[in-house]
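The values are calculated or read from the model by the stated rules, or taken from the named source; none is laboratory data. Only a predicted model underlies this, so the values are computations on that prediction, with no experimental measurement involved. Using ideal geometry, Cβ is built from the backbone for each residue, glycine included, and neighbour counts are taken over all protein chains shown. Note: accessible area is taken over every heavy atom of the protein model, side chains too, but ligands, DNA and RNA are not part of it. Shrake-Rupley method; radii C 1.70, N 1.55, O 1.52, S 1.80 Å.
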Amino acid sequence: MSILVCGGAGYIGSHTVKELIGKYEVVVLDNLSTGYPFLLDDRVTFINGDLGDEKVLDLVFTEHKINAVFHFAANSLVGESVEKPLMYYLNNVSSTITLLKKMVEYGVGKFIFSSTAATYGIPKTDLITEETATNPINPYGRSKLMVEEILADVAHAHDLQYVILRYFNAAGAHELGDIGESHNPETHLIPIVLQHLLGHRDKISVYGSDYDTIDGTCVRDYIHVTDLATAHVLAYEGLVSGDVSNEVYNLGNGAGYSVKEIIEVCEKVSGKSALIEYADRRAGDPSVLVASSEKINKALGWKPKYHLEEIIESAWKWHSK
Ligand code: UDP
């Protein structure tokens, strides 16, 4: 039996594949729109294709005995989703419906879904639990929440059990230094700051300095990508053992850091100083997003291992290579 990892050549997908490999057979389906084959281990069966393509899915499900699907393949940039909503609904919602339809057709009944803190919108609380109301304020968050709702209906009607993982801000790189974050163009804060400190960018634009936060810049909860990866493996094993089913869990460190604080830690880790310019707010950005991950800790024993400085150290090692 194999696990199908859709989007396994991407940033979070490839780190999860690394945790699975050696323990499970892994098939990766990725159209390489944002992923890279060099992030994949030789032991993975790689299929270059689109999950919205029924023929590709027929091939995957007939040629391999798949017992679970991990679904990372999606567009995931808030700003871009505001500019290109149709692309987001097509790739994130429509393609996922096709995937679920094929899973039902081939009797594949376990699904781990990558969701996001963006489903919460502008929460009215400082620490977000899974009980916090969802009210996304951008197409990216809405596309993920739509799939969450579709999943509940599909699980009700068919033999399918799922775990939804709502990531906060994924960051860092594998401790072996062989895989890490590689977006083109890069839009995420930590890689942008590190690229600047390495001399690849003139300056850092800080989007908004008038938020209602400790220093006026946005606050986020940064979580190491390997911590995200291990949560997927635990969720899968929880589904297989029957300990959990049809659940949603937050994944974060439970601590918020402002954009300015992140820049300071990057300066400390690199030993270099940054040039900052203050720019307008970025469309679709809430001011504060910090997770409570108590629910997954209680259900599956998941606990993040890496704290902010270690996250940035691992990213610095990767970007310096
Ligand atoms: N950000 C910034 N400058 C940049 C990139 C990001 O000020 O060049 C801010 C962004 O507005 C947000 C935070 O950094 O408040 C984290 O953004 P990122 O894109 O890394 O993740 P997101 O929170 O959008 O998932």
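Taking the conditions exactly as written (among the acidic types (Asp, Glu), crowded, with 19+ Cβ neighbours inside 10 Å and within 26 Å of LEU165 (Cβ to Cβ)), does ASP243 satisfy them or not? So that I can check it myself, show each step before the final result.
Values: among the acidic types (Asp, Glu): yes; crowded, with 19+ Cβ neighbours inside 10 Å: no; within 26 Å of LEU165 (Cβ to Cβ): yes.
It is false that ASP243 is among the acidic types (Asp, Glu), crowded, with 19+ Cβ neighbours inside 10 Å and within 26 Å of LEU165 (Cβ to Cβ).
Count, please, the residues in region 197-212 that happen to be within 11 Å of the ligand (Cβ to nearest atom), in contact (Cβ under 8 Å) with a residue 24 or more places away in the chain and not hydrophobic (A, V, I, L, M, F, W, C). Quick ask: steps written out before the conclusion?
Step one: list which residues in region 197-212 are within 11 Å of the ligand (Cβ to nearest atom), which gives 201, 203-209, 211.
Restricting the remaining residues to those that are in contact (Cβ under 8 Å) with a residue 24 or more places away in the chain gives 203-209, 211.
Among the residues that remain, those that are also not hydrophobic (A, V, I, L, M, F, W, C) are: 203, 205, 207-209, 211.
Count: 6.
Conditions: (1) open to solvent by less than 10 Å² (accessible area, probe 1.4 Å); (2) outside any helix (DSSP H, G or I); (3) not hydrophobic (A, V, I, L, M, F, W, C). TYR88 meets all but one. Number of the miss?
(2)
Suppose we filter LYS55, LYS124 for residues that are of a type outside the set (A, V, I, L, M, F, W, C), assigned to a loop (DSSP other than H, G, I, E, B) and either open to solvent by 40 Å² or more (accessible area, probe 1.4 Å) or under 26 Å from ILE296 (Cβ atoms) (or both); which single one remains? Walk me through it before giving the result.
Numbers: LYS55 fails: assigned to a loop (DSSP other than H, G, I, E, B).
So the residue among LYS55, LYS124 that is of a type outside the set (A, V, I, L, M, F, W, C), assigned to a loop (DSSP other than H, G, I, E, B) and either open to solvent by 40 Å² or more (accessible area, probe 1.4 Å) or under 26 Å from ILE296 (Cβ atoms) (or both) is LYS124.
Against the condition β-branched (Val, Ile, Thr), out of contact with any Ser or Thr (no Cβ under 9 Å at 6 or more places or on another chain) and open to solvent by 30 Å² or more (accessible area, probe 1.4 Å), how does VAL288 come out, does it pass?
Details: β-branched (Val, Ile, Thr): yes; out of contact with any Ser or Thr (no Cβ under 9 Å at 6 or more places or on another chain): no; open to solvent by 30 Å² or more (accessible area, probe 1.4 Å): yes.
For VAL288, the condition - β-branched (Val, Ile, Thr), out of contact with any Ser or Thr (no Cβ under 9 Å at 6 or more places or on another chain) and open to solvent by 30 Å² or more (accessible area, probe 1.4 Å) - is not met.
For region 213-321, give me every one of the strands (runs of 3 or more DSSP E) that falls completely inside it and has 1 or more residues that are hydroxyl-bearing (Ser, Thr, Tyr) and within 13 Å of the ligand (Cβ to nearest atom). First the steps, then the outcome.
Working: elements: 222-224, 247-251, 276-279.
So the answer is 222-224, 276-279.
Quick grid of which residues meet (1) touching a Lys or Arg at 6+ places or on another chain (Cβ under 8 Å); (2) within 13 Å of the ligand (Cβ to nearest atom); (3) open to solvent by 10 Å² or more (accessible area, probe 1.4 Å); (4) not in a loop (DSSP other than H, G, I, E, B):
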| site | (1), (2), (3), (4) |
| --- | --- |
| GLU130 | yes, no, yes, no |
| GLU149 | no, no, yes, yes |
| ALA155 | no, no, yes, yes |
| ILE164 | no, no, no, yes |
| ALA170 | no, yes, yes, yes |
| LEU176 | no, no, yes, no |
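Give me the residue from region 180-200 that is touching an Asp or Glu at 6+ places or on another chain (Cβ under 9 Å) and at pLDDT 95 or above and, out of that set, most open to solvent (accessible area, probe 1.4 Å). Lay out the reasoning, then the answer.
Initially, region 180-200 is screened for residues touching an Asp or Glu at 6+ places or on another chain (Cβ under 9 Å), giving 187-188, 190-193, 195-197.
Filter again for at pLDDT 95 or above, leaving 188, 190-193, 195-197.
Values: HIS188: 59, ILE190: 6, PRO191: 3, ILE192: 27, VAL193: 0, GLN195: 37, HIS196: 20, LEU197: 13 Å².
So, considering only residues that are touching an Asp or Glu at 6+ places or on another chain (Cβ under 9 Å) and at pLDDT 95 or above, the one most open to solvent (accessible area, probe 1.4 Å) is HIS188.
Could you give every pair whose Cβ atoms fall below 8 Å, whose first residue belongs to region 261-284 and is farther than 15 Å from HIS188 by Cα, and whose second residue is of a type in the set (Asp, Glu) and assigned to a helix (DSSP H, G or I), counting only separations of at least 6 or pairs across chains?
Listed by first residue and then by second, the contacts come to VAL265/GLU309; LYS268/GLU309; VAL269/GLU309; VAL269/GLU313; SER273/GLU267; ALA274/GLU267.
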